[in-house]
Amino acid sequence: MKKLLVANRGEIAVRIIRTAHEMGIVVVAVVSEADKTSYAAELADEVIVIGPAPASLSYLNQDAVLKAAIESGADALHPGYGFLSENAAFARKVIAAGITWVGPSPESIELMGDKSRARQAAIDAGVPTLRGTEGALRDDDDIVSIAAGIGYPLVVKASAGGGGRGIRLVASPADLVSTVGIAQAEALAAFNSSDVYFELFVTKARHVEVQIFGDGENYVHLGDRDCSMQRRQQKVLEEAPAPGLPDHVRQLMRDSSVDLARQTSYVGAGTVEFLYDPETEEVAFIEMNTRLQVEHPITEAITGIDLVREQLRIASGEKLGYSQEDVAFTGHALEFRINAEDPSNNFMPSPGVISSLHLPGGPGVRVDFGFIAGNAVAPFYDSLLGKIIVWAPTRDLAISRAERVLGEARIEGVKTTAGLLRTLVALDDFRQVTHHTAYIESVPDLLGVPA
């Protein structure tokens, strides 16, 4: 691999560029008109403008991205996360053009992108799942009797959804038919498919996921992460390893994840997500993400393994350079997503120019930001500015370090979620691991924290 095109923007583009440069790889950045002076563009060796600011005309424009890769002479393409990273059709186009796709096969992307098929693949691999429908619902299905067999509350999920999107909660039979109709319409509009399926809903569940890597022959896990602190099913902070898990539960998740990767002949980086019910100690598969996760740095922090480097190595045809026994876990890591949003105003996006930026440092502190002072935060994209990662020998020390670090961060010109994150990490419920995926919504006072 000599020349890599990074088909993304912001902090993940910066993250990929850094490792590529360490490996001696020339990097091409594709940018929209709005990102011509971005930090990623500054770091890249070559920059190609692929379209106007809206993502649909630039970062999601398959033809423009592929044309840039071909004309620049790139021999590999890394899609990052979001945008085209889980688009099997685009992956096929890249491969057909003779360019190395840094990711799993289009077949794996397709399989795991169809959530009802992914659920069946998990069942076939012996991975625990929630009670639910086998495959997508059909027009002639008796949804009332099917739902009764699963139990309430349940969720209606878009088969083509994922990442917390395309989900509707049904609390009682009276809401079933109307909610299914709404979910199907939303799924069609968002994912171009009205297919939905049912799953039992677990109240006060934790979200735990396992990082896996495969090379087609060898499969390993790189430990687990807890992503339970969420707002509207979107993660706000993560930690590794997942705290407070019984040993048998942790091992079940890790073994199941490797089994699923092996069963599906998975190649590259992937993340298997689970719901965990602390009351019953039951575990259930949610989905598998066929890309690098936003929260991958906390896995890097506790393993010492550069996940982007591993992606590039495996995409180049190399084998995993280690076995499961070689993977060691050290200390505890936390990651905080700093978004340009105003928590005191219903988390409204806060575009603008970053007039001043002071990011924290010190032992065990890593900062992955896609912006520097003077950069504009455009209103066209996700509001993530970057991530602050802290590591310490123990969870308690990591939390103390996080409070200090979040207090040091100074970002002026836009509102951010840094203040909210500092409040969350100081909560007794967080320290005692009694929070869950609906925790933020259950504590209304949290939603008024000043930016």
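The values are calculated or read from the model by the stated rules, or taken from the named source; none is laboratory data. What you are looking at is a predicted structure, and each value in this text was computed from that prediction instead of being measured. As a convention, Cβ positions derive from the backbone with ideal geometry for all residues, glycine included, and neighbour counts pool all protein chains shown.
Filtered by the rule that a residue be acidic (D, E) and modelled with pLDDT of 95 or more, region 89-125 gives E107, E110, D124. Only residues that are over 15 Å from I411 (Cβ atoms), part of a loop (DSSP other than H, G, I, E, B) and either touching a residue at least 40 places away in the same chain (Cβ under 8 Å) or touching a helix residue (DSSP H, G or I) at 6+ places or on another chain (Cβ under 7 Å) (or both) were counted in region 362-388, giving 6.
Among the residues of region 134-141, is any assigned to a helix (DSSP H, G or I) and either free of Cβ contacts under 8 Å to residues at least 12 places away in the same chain or of a type in the set (S, T, N, Q) (or both)? Working first, answer last.
At the first step, the residues of region 134-141 found to be assigned to a helix (DSSP H, G or I) are none.
Within region 134-141 (the criterion being assigned to a helix (DSSP H, G or I) and either free of Cβ contacts under 8 Å to residues at least 12 places away in the same chain or of a type in the set (S, T, N, Q) (or both)), the answer is no, since none of the residues qualifies.
Looking for something over 30 Å from L176 (Cα atoms) and out of contact with any helix residue (DSSP H, G or I) (no Cβ under 7 Å at 6 or more places or on another chain) - is there at least one such residue anywhere in region 108-116? Steps first, please.
Of the residues in region 108-116, the ones over 30 Å from L176 (Cα atoms) are 108-109.
Narrowing further to those that are out of contact with any helix residue (DSSP H, G or I) (no Cβ under 7 Å at 6 or more places or on another chain): 108.
There is at least one residue in region 108-116 that is over 30 Å from L176 (Cα atoms) and out of contact with any helix residue (DSSP H, G or I) (no Cβ under 7 Å at 6 or more places or on another chain).
Within region 366-383, is even one residue under 30 Å from E199 (Cβ atoms) and within 19 Å of the chain's Cα centre (by Cα)? For region 366-383, residues under 30 Å from E199 (Cβ atoms) and within 19 Å of the chain's Cα centre (by Cα): present.
Of the set (1) over 13 Å from P343 (Cβ atoms); (2) of a type in the set (D, E, K, R); (3) modelled with pLDDT under 95, all apply to D445 but (1). Among E335, E300, which is without any contact (Cβ under 8 Å) to a residue 24 or more places away in the chain and within 18 Å of the chain's Cα centre (by Cα)? Selected residue: E300, the only one of E335, E300 that is without any contact (Cβ under 8 Å) to a residue 24 or more places away in the chain and within 18 Å of the chain's Cα centre (by Cα).
Can you tell which of G161, G166, G149 is in a helix (DSSP H, G or I), free of Cβ contacts under 8 Å to residues at least 60 places away in the same chain and not acidic (D, E)? Criteria check complete, one pass: G149. Once region 38-63 is narrowed to residues that are free of Cβ contacts under 8 Å to residues at least 24 places away in the same chain and among the hydrophobic types (A, V, I, L, M, F, W, C), the residue that is surrounded by the fewest Cβ atoms within 10 Å (Cβ to Cβ) is V49.
Determine if region 286-306 includes at least one residue that is modelled with pLDDT of 95 or more, of a type in the set (S, T, Y) and surrounded by fewer than 16 Cβ atoms within 10 Å (Cβ to Cβ). No, region 286-306 contains no residue that is modelled with pLDDT of 95 or more, of a type in the set (S, T, Y) and surrounded by fewer than 16 Cβ atoms within 10 Å (Cβ to Cβ).
Can you say whether V202 is farther than 24 Å from M253 by Cα and buried (at least 16 other Cβ atoms within 10 Å of the Cβ), as far as the supplied structure shows? Walk me through how you get there before you give the answer.
Working: farther than 24 Å from M253 by Cα: no; buried (at least 16 other Cβ atoms within 10 Å of the Cβ): yes.
The answer is no for V202.
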